[in-house]
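A quick write-up on the structure given underneath.
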Amino acid sequence: MSSYRVDEIHLTGADEHAATALAHHFDNLEQQREAGSLGMWVFLITEIMFFGGLFTGYVIYRTQNQASFAYASSTLNWKLGAFNTVVLILSSLTMALAVYFAQVGSRRNQIVFLAVTAVLGLTFLVVKSVEYAEKIRDHHVPIQGFWHWDQAQHALPANVTERSVQMFYWIYFAMTGLHALHMIIGIAVMLFLMYYAYRGRYTPEYHSPVENSGLYWHFVDIVWIFLFPLLYLLGAHLTHGGGH
Amino acid sequence: MNPPSLPEGAPTPRPTESRVRFAHTNYINAHYGIKSWLLTKDHKRIALLYLGSISLFFALGGVYAMMIRLELLTPASDLVQPMTYNKLFTQHGIIMIFLFLIPSIPAVLGNFLVPLMIGAKDLAFPRINLLSWYLYMIAAVIVVWALLNGGVDTGWTFYTPYSTTFSNSYVVATGLGIFVNGFSSILTGLNFIVTIHTMRAPGMTWFRLPLFIWSHYATSLIMILGTPVIAITILLVAFERIAHIGIFDPRLGGDPVLFQHFFWFYSHPAVYIMILPSMGVVSEIVSTHSRKNIFGYTFVAFSSLAIAVFGFLVWGHHLFTSSQSVYAGMIFSIISFTVAIPSAVKVFNWTATLYKGSISYDTPMLYAMGFIGLFTIGGLTGLFLASLGTDVHLTDTYFIVAHFHYIMVGGALMGYLGGLHNWWPKITGRMYPEGWGRFSALVIFVGFNLTFFPQFLLGTLGMPRRYAAYPADEPVWQVLNVMSTAGASILAVGLIIPGIYFIWSMRYGKFAPANPWPATGLEWRTLSPPPTENFAVTPIVTWEAYEYRPVEEMRVIGVGDGDTSPPVQPAHGTT
């Protein structure tokens, strides 16, 4: 039995194509679109609460270890972080354009901008991997038995404890790691959308998957907008605005 | 028109003598085969999948409960070793809370009834609904796997640093199970919220919604706001255990009390995930079986939301004896008292609904009345614990154990059983045996009180929870413990009886009419069991919720709300 039942529904636009996009339990496409959109917003609320736990941990431990967090932050590569911030803001623009072209029904432009968004996401992940590789090389991953802080290379100031630096790095990896996982899922979603856009599934009447995936993509970007200053820019005064 | 939703000339179910099959095509006999169940997107079938699986885990959790009670029959730790005992109460808690109580009413009755009550064909996301059942099953398999390999001994609370550093049991695996189960819960809540917002039938305005829907809406809010926090907390515990990263470890600059804050930020509201759906069920039952409009509909509806909101602001009352500041404690104490207000609003309104009603003491009503009494005791003893000074004496004693069992068993479980009886005719199309139903409801009530009331006394005497042994030179302690174990045995018998007759009734029970009680909700205006698409035509709602008439009037002019069908004879004699 087909999952779409065309016979029972009111054909709003008298459009055969739109009718097949309507799931059997909705009365019309408008209701279906509203449900999908609200579903995504509710999902994003759960995501906020999910990241919220880590942000709370960050706030508490930063309050307790102000100096250490500022110092540890200055050992991150803020230039790469800033570059990634620009990449993600650009990707939000291309995502918005992909949604626009889905709305107006331009299949070619839709696919192009979805692809650009995916490539920008990938760029972000490559840069992130470079940063991670650097930290792994320096043994700055706070796993017992792996962590090692070389005082000769990075001398700790007087009011900074290695323990608190370790805590900062743990929060850094937890937050950016969770964010990167969301980016990977987002890129997979882009590929999925490109495939169905290529098949001609999205029309001006029915394109809510593109819209809702756009909401998700913007959300992941916004998380990074918060992460960048909180993690990379705390210790800028220590290095006089320079990286290392 | 003969109930509005029936199609013209729809065949009526055959008379009750027939034990063969239903005359009409419904969601149960529309498709056959194991695949038609495991790949179904029908909310009614998914509800039954949940019913089967959570019943299994309820039985398993019950076995653990009996082993705990048997150990406490004698003062010495003789039946099991203390280490084994630690695992028994941990597994009992984890299975009962995460695999039974959290999904119980929402995933079974909510799944089945939310679309029916609002006049929709299905939940907004049928595939996600099925996915949530599979996630539940994956979680259950992981938890059982950990259990078979030796289980976990941290208590269901997973307090750090014991869980992260010292425990030698399957903390990570069990945590992973709870993590996955959380997503199942989130998806259920998400589905309900979107469905209630976007799928209501024409004319089904917010204030015509059954109170069952309001309470499920409030529950869903807690599910989507609270569950992600426990998910990230469990991840942190797992990372800490595997990599020793130190976020909750004081030796590495972490704070174990932060874990308690995170844990209770979810786990206190989680109590309302368990009790709010029961409150919705009780509102339906009380109104239906006393044939009266619910007293103060708006207040009952908003009290559900108030409980959901306040519930997020009281977690600190679990930390009165931790390093939390006294000032924070005072504030948490005051807010905890305010939760009593919406809870009391509900209790008073149910009582006022019963006042001068045509009350019929059917099984669902017995459970609803049990709920009102037991929940009141559970709630009032909660106020003892919300008081800073009293709590210091009572914390971690059997007083706490008795208090939350009055809420979770006396409240949530009574509501679940009452709801299951109330909608059993709709779910299966068969009546359960009323005599056995009333009998087992009474057995459960007696058994429950005999089990847990003595524990209030034990707690005030100072008996701590989570110990396999207690002093033999306190004769009163053993007397009370023996009473409690005896009560648990009676409770077990009382719970096995419905298990048997529910299964029996699926094959041999009398056929249920479309509206056996009769009730006014939309779910009763379609066939029993409902067809796959729920309603042949989308109903248009022109009446308020709970437009009940007294039973004498009903016998003359029918059910009410414009329905001109012949007078309905209640399935069970109403006097």
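The values are calculated or read from the model by the stated rules, or taken from the named source; none is laboratory data. Quick caveat: nothing in here was measured; it's all calculated off a predicted structure. Ideal geometry is used to build each Cβ from the backbone, glycine not excepted, and the neighbour counts take in all protein chains shown.
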Within the stretch B:346-362, the residues that are part of a loop (DSSP other than H, G, I, E, B) and surrounded by 14 or more Cβ atoms within 10 Å (Cβ to Cβ) are B:357, B:358, B:359, B:360, B:361, B:362
Positions within the stretch B:207-233 being facing chain A (nearest Cβ under 10 Å) and in contact (Cβ under 8 Å) with a residue 60 or more places away in the chain, in sequence order: B:220, B:221, B:223, B:225, B:226
Contacts under 6 angstrom Cβ, first residue in the stretch A:160-184 being of a type in the set (A, V, I, L, M) and buried (at least 20 other Cβ atoms within 10 Å of the Cβ), partner part of a loop (DSSP other than H, G, I, E, B) and at pLDDT below 95, 6 or more apart: A:167/B:253
Find all pairs meeting these conditions: Cβ atoms under 7 angstrom apart; at least six residues apart or on different chains; first residue within the stretch B:446-472 and assigned to a strand (DSSP E or B); second residue surrounded by 19 or more Cβ atoms within 10 Å (Cβ to Cβ). B:464/B:397
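Restricting attention to the stretch A:201-221, does a residue exist that is out of contact with any strand residue (DSSP E or B) (no Cβ under 9 Å at 6 or more places or on another chain), free of Cβ contacts under 8 Å to residues at least 12 places away in the same chain and either closer than 30 Å to residue A:23 by Cβ or not in a helix (DSSP H, G or I) (or both)? Explain how you work it out, then say what you get.
Pass one, the stretch A:201-221, residues out of contact with any strand residue (DSSP E or B) (no Cβ under 9 Å at 6 or more places or on another chain): A:201-221.
Imposing the further condition that a residue be free of Cβ contacts under 8 Å to residues at least 12 places away in the same chain reduces the set to none.
No, the conditions are met nowhere in the stretch A:201-221.
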Specify the residue that is nearest to residue A:45 (Cα to Cα); the eligible residues are those in the stretch B:240-254 that are assigned to a helix (DSSP H, G or I) and more than 7 Å from chain A (Cβ to nearest Cβ). B:240
For a quick check of your reading of the model, give me the residue pairs whose first member lies in the stretch B:416-445 and is farther than 12 Å from residue B:366 by Cα, whose second is of a type in the set (Val, Ile, Thr), with beta-carbon atoms closer than 7 Å and at least 6 apart or on different chains. B:416/B:105; B:436/B:497
Does any residue of the stretch B:375-384 turn out to be farther than 20 Å from residue B:276 by Cβ and in a helix (DSSP H, G or I)? yes
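Yes or no: residue B:84 within 30 Å of residue B:478 (Cβ to Cβ), hydroxyl-bearing (Ser, Thr, Tyr) and outside any helix (DSSP H, G or I)?
Numbers: within 30 Å of residue B:478 (Cβ to Cβ): yes; hydroxyl-bearing (Ser, Thr, Tyr): yes; outside any helix (DSSP H, G or I): no.
Here the answer is no, as residue B:84 does not meet what is asked.
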The condition of being surrounded by 24 or more Cβ atoms within 10 Å (Cβ to Cβ) and either of a type in the set (Asp, Glu) or closer than 15 Å to residue B:499 by Cβ (or both) holds, among B:458, B:417, only for B:417
Criterion violated by residue B:299 - all others in (1) farther than 20 Å from residue B:110 by Cβ; (2) of a type in the set (A, V, I, L, M, F, W, C); (3) within 14 Å of chain A (Cβ to nearest Cβ) satisfied: (3)
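Please work out if residue B:257 is assigned to a helix (DSSP H, G or I), in contact (Cβ under 8 Å) with a residue 24 or more places away in the chain and out of contact with any helix residue (DSSP H, G or I) (no Cβ under 7 Å at 6 or more places or on another chain).
Details: assigned to a helix (DSSP H, G or I): yes; in contact (Cβ under 8 Å) with a residue 24 or more places away in the chain: yes; out of contact with any helix residue (DSSP H, G or I) (no Cβ under 7 Å at 6 or more places or on another chain): yes.
In short, yes.
Condition check ((1) acidic (Asp, Glu); (2) surrounded by fewer than 19 Cβ atoms within 10 Å (Cβ to Cβ); (3) at pLDDT below 90) across all residues:
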{"position": "A:16", "(1), (2), (3)": "yes, yes, yes"}
{"position": "A:39", "(1), (2), (3)": "no, no, no"}
{"position": "A:45", "(1), (2), (3)": "no, yes, no"}
{"position": "A:53", "(1), (2), (3)": "no, no, no"}
{"position": "A:69", "(1), (2), (3)": "no, no, no"}
{"position": "A:72", "(1), (2), (3)": "no, no, no"}
Given the options B:113, B:109, B:147, name the one that is at pLDDT below 95 and away from chain A (no Cβ under 14 Å). B:147
Among A:62, A:33, which is surrounded by fewer than 22 Cβ atoms within 10 Å (Cβ to Cβ) and over 30 Å from residue A:165 (Cβ atoms)? A:33
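Being closer than 28 Å to residue B:385 by Cβ, within 17 Å of the chain's Cα centre (by Cα) and outside any loop (DSSP other than H, G, I, E, B) is true for just one of B:343, B:303. Which residue is that? Give the derivation first.
Working: B:303 fails: within 17 Å of the chain's Cα centre (by Cα).
Only one candidate passes the filter, namely B:343.
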Within the group B:266, B:327, which residue is part of a helix (DSSP H, G or I), out of contact with any Phe, Trp or Tyr (no Cβ under 6 Å at 6 or more places or on another chain), more than 13 Å from every other protein chain (Cβ to nearest Cβ) and among the hydroxyl-bearing types (Ser, Thr, Tyr)? B:327
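Return a yes/no flag: does the stretch B:175-184 have any residue that is farther than 27 Å from residue B:46 by Cα and either more than 9 Å from chain A (Cβ to nearest Cβ) or surrounded by fewer than 19 Cβ atoms within 10 Å (Cβ to Cβ) (or both).
no
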Just one of the numbered conditions (1) crowded, with 24+ Cβ neighbours inside 10 Å; (2) facing chain A (nearest Cβ under 9 Å) is not true of residue B:273; which one? (2)
Looking at the stretch B:123-137, is at least one residue out of contact with any Leu (no Cβ under 9 Å at 6 or more places or on another chain), buried (at least 20 other Cβ atoms within 10 Å of the Cβ) and not in a helix (DSSP H, G or I)? yes
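Let's see how each residue does on (1) assigned to a helix (DSSP H, G or I); (2) modelled with pLDDT of 95 or more; (3) among the β-branched types (Val, Ile, Thr); (4) out of contact with any Pro (no Cβ under 6 Å at 6 or more places or on another chain):
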| residue | (1), (2), (3), (4) |
| --- | --- |
| A:112 | yes, yes, yes, yes |
| A:120 | yes, yes, no, yes |
| A:124 | yes, yes, no, yes |
| A:130 | yes, yes, yes, yes |
| A:144 | no, no, no, yes |
| A:150 | no, no, no, yes |
| A:163 | yes, no, no, yes |
| A:167 | yes, no, no, yes |
Of the residues in the stretch A:30-47, those that are within 18 Å of the chain's Cα centre (by Cα) and either more than 8 Å from chain B (Cβ to nearest Cβ) or charged (D, E, K, R) (or both) come to A:40, A:41, A:44, A:47
Across the stretch B:116-133, what is the total count of residues that are away from chain A (no Cβ under 14 Å) and either without any contact (Cβ under 8 Å) to a residue 24 or more places away in the chain or on the phi > 0 side of the Ramachandran plot (or both)? 0
On the basis of being surrounded by 18 or more Cβ atoms within 10 Å (Cβ to Cβ) and either at pLDDT below 95 or within 29 Å of residue A:119 (Cβ to Cβ) (or both), does residue A:206 make the cut? yes
If you scan the stretch B:236-254, which residues turn out to be buried (at least 21 other Cβ atoms within 10 Å of the Cβ), out of contact with any Asp or Glu (no Cβ under 9 Å at 6 or more places or on another chain) and either among the charged types (D, E, K, R) or in contact (Cβ under 8 Å) with a residue 60 or more places away in the chain (or both)? B:237
